[in-house]
Amino acid sequence: MSRSLVLGATLATLGTGLLPVAAQAAPGTSRTTSASATLAAPTGAQADGKLHLYRDTDYRNFCAAYVGNSTNWGACRNQISSLWNNGYPGNLDDVWLYYGPNYSGARRGVYNGVSIPDLTPYPFDAGTGTGAGQSINDNVASHKWTNL
């Protein structure tokens with residue numbers, strides 16, 4: 001199993017990550033920001049097709065929720081300490097997180113339906129570019145939906 005896939009498997013083993021939902025790969029990029037939405041922490045709710053980003057651990061201080069890929073997280077860039085992949089099941093239902101904008105640098109995969117209350121212990125995959133081995137906490141600049 002590749003290191004990219006270990007994140008979801010590790011969380012499932014710990015009983016802290018898997019929800020009965022998945023991600024989506026909608027065309028284009030759509031984003032909901034903290035100014036336009038207030039979201040609670042993940043609760044296993046129905047899939048809403050979004051990657052939810054939070055500035056603090058334990059899903060506090062909501063930053064944005066993305067539908068589709070994003071080449072630059074803007075105000076959320078290098079600011080995220082927890083996230084929730086609450087997209088729709090199907091093709092391209094996992095997410096690559098990237099160290100740099102425009103899908104550049106190191107990457108780390110997150111399975112569909114996974115919520116991560118603290119990104120600190122999880123590094124970018126070794127050998128995947130600039131930022132490899134560094135914690136993904138406060139180090140993600142872009143993301144892309146994929147099949148892991």
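Values in this text are rule-based calculations from the coordinates and carry no lab data. Everything quoted here is computed from the prediction, not taken from an experiment. As a convention, Cβ positions derive from the backbone with ideal geometry for all residues, glycine included, and neighbour counts pool all protein chains shown.
Figures for the structure shown
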read-out: Interchain or long-range residues, amide H under 5 Å from GLY90's placed H; value: none
read-out: In sequence order, calculated HN-Hα J values of segment 130-139 (Karplus, 6.51, -1.76, 1.60; Hz; x Gly/Pro); value: 4, x, 4, x, 7, 4, 6, 4, 6, 9
read-out: Taking the C-alpha atoms of segment 69-139, convex hull volume expressed per residue in Å³; value: 84 Å³
read-out: For ASP118, distant residues with modelled amide H under 5 Å away; value: ASP58
read-out: FRET E, pair ASP56, ASN91, Förster distance 25 Å, beta-carbon r, rounded to 0.05; value: 0.20
